[in-house]
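What follows is a set of notes on a single structure, which appears directly below.
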Amino acid sequence: MRFYLIFTLIFMLMLLVVLVQARRQSGLSRRAFAFTLLGGLLVSLFLASTRLMPESWPMAVARPAWWLGYGVFGLVAYLFLFQVLLLLAEGGARLGLPDKAPALRSRRALFAVTGMALATVAWGLHEGGALRVLSRSMTSPKLKRRLRLVLVSDVHLGALTLESRVRNLVDLVRAQNADLVLLAGDIVNDHPNFLQPFAAMLREMRPALGMFGVFGNHERYEGDAKSAQVFRWAGANLLRNGVATLAEAGVQILGVDDPGRSGDVTQVIATEILGVAAQSDPAYFRILMNHRPQAWREAAQPAGIELMLSGHTHRGQVFPFYLVVHLFHEFMGGFYAENGKLLAVSAGAGFWGPPLRVLAPPDIMVIDLLPQAAPAQG
């Protein structure tokens, strides 16, 4: 709850900057500005209330409230960005071109900023549905047969989920003809008791050798029991610090729980990875599902795990705010190879918070595992 309080306070600060700038540009009277501030406060409280709504309330109530609340957050975030840039430009103009400065605090400037913010949000809504496929192959003498796996992460099923986007995701995964589908956490976002229809759609992915999953931080927030039920509805085998063996393929799948809290949890995750690695057999090609792309160098590589699958970062989700995310995550998205090991970090198939993606398109990742003849001894 502390996180959502901070989230709301940040929103209120951004909205205050936007409204103060808008007053300067539009020439609102003090009375009109007071009413505008009151409206902004009510909008802030409404945004906070979406997360405080009891999850027993039906989706028919939650869905429009969440879309309105988080949609407004996305719009205000970009209004804030463009207004700050305009304010900086005005300051620069006062120093170098003082006769141009008034134009940057005019009604025309307000309309321009609003238009740019609306256009960015419209693009973000579009890009949020532009699911792409990232592909990579990997060879190993430990593999007994060719395998194709699909990594799906950060779907964030909940009040903001559109059925059409889940359908597109399922159809895209099925088109890959996967042997395995691996769900690397944050499949659940909110309202887990109402997610059975979406989970039933995920069940349709039906990979030949099964579907496996792990908890991300949002599953932990929603409660382990409720989140596990969603994975069961989807037909996924949930690995909670455990190992699944596919002997006929020469593969073991390892899964660790996300710690379910913020802050630096690298050491916690490293301990979990080393614990589950001790349960596995290094004679197998080992695939580790670890929601956060952390402890790869600290634990997964030293344990000899060939492939680690993660998500969590969303590639930052919205430009340029992802620069803040990059401060906390070295591996933002894509494939990373070191010392013969591979880390795959998905940008995720959904979104969190504002229903937007800007210059950070969603994805699934397809990895072909290819057997390789062992080198001759001698």
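The values are calculated or read from the model by the stated rules, or taken from the named source; none is laboratory data. All values derive from a computational prediction rather than experimental measurement. For neighbour counting, all protein chains shown are included, and Cβ atoms are generated from backbone atoms with ideal geometry for every residue, glycine included. Quick note on the areas: whole protein, heavy atoms, side chains included, nothing else; ligands and nucleic acids left out. Shrake-Rupley method; radii C 1.70, N 1.55, O 1.52, S 1.80 Å.
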Which one of the conditions (1) open to solvent by less than 20 Å² (accessible area, probe 1.4 Å); (2) free of Cβ contacts under 8 Å to residues at least 40 places away in the same chain does V345 fail to meet, given that it meets all the rest? (2)
Yes or no: W123 assigned to a helix (DSSP H, G or I), open to solvent by 60 Å² or more (accessible area, probe 1.4 Å) and hydrophobic (A, V, I, L, M, F, W, C)? yes
Part of a helix (DSSP H, G or I), out of contact with any helix residue (DSSP H, G or I) (no Cβ under 9 Å at 6 or more places or on another chain), modelled with pLDDT of 90 or more and on the phi < 0 side of the Ramachandran plot: which single residue out of G115, G91 fits that description? G115
Restricting the range 295-326 to residues that are open to solvent by 20 Å² or more (accessible area, probe 1.4 Å) and within 20 Å of D186 (Cβ to Cβ), the one nearest to the chain's Cα centre (by Cα) turns out to be H312
Of the listed residues (L19, L5), the one being among the aliphatic types (A, V, I, L, M) and in contact (Cβ under 8 Å) with a residue 40 or more places away in the chain is L5
Under 6 Å between Cβ atoms, which residue pairs at least 6 apart in sequence (or on different chains) link something in the range 41-62 that is open to solvent by 40 Å² or more (accessible area, probe 1.4 Å) with a partner that is among the aromatic types (F, W, Y)? R51/Y4
Leading residue by the ranking (most open to solvent (accessible area, probe 1.4 Å)) among those in the range 22-40 that are without any contact (Cβ under 8 Å) to a residue 12 or more places away in the chain and hydrophobic (A, V, I, L, M, F, W, C): F35
Exception for M365 within (1) on the phi > 0 side of the Ramachandran plot; (2) crowded, with 24+ Cβ neighbours inside 10 Å falls at (1)
Does S135 fit the bill of being open to solvent by 20 Å² or more (accessible area, probe 1.4 Å), assigned to a strand (DSSP E or B) and modelled with pLDDT of 95 or more? yes
In the range 341-359, the residues that are touching a Ser or Thr at 6+ places or on another chain (Cβ under 9 Å) and either part of a loop (DSSP other than H, G, I, E, B) or over 25 Å from T120 (Cα atoms) (or both): L343, A344, V345, S346, A347, G348, A349, G350, L356
Taking the condition over 22 Å from the mean Cα position of the chain (by Cα) and modelled with pLDDT under 95, does P371 pass? no
Show the residue pairs meeting these rules: Cβ distance below 7 Å; 6+ apart or different chains; first residue within the range 352-365 and touching a residue at least 60 places away in the same chain (Cβ under 8 Å) and more than 24 Å from Y221 (Cβ to Cβ); second residue of a type in the set (S, T, Y) and not in a loop (DSSP other than H, G, I, E, B). V358/T120
Count, please, the residues in the range 180-230 that happen to be under 21 Å from the mean Cα position of the chain (by Cα) and assigned to a strand (DSSP E or B). 7
Residue count, the range 242-275, condition over 23 Å from E222 (Cβ atoms), among the β-branched types (V, I, T) and either open to solvent by 30 Å² or more (accessible area, probe 1.4 Å) or in a helix (DSSP H, G or I) (or both), comes to 5
Looking at the structure I just gave you, is R292 open to solvent by less than 20 Å² (accessible area, probe 1.4 Å), in a loop (DSSP other than H, G, I, E, B) and out of contact with any Phe, Trp or Tyr (no Cβ under 8 Å at 6 or more places or on another chain)? yes
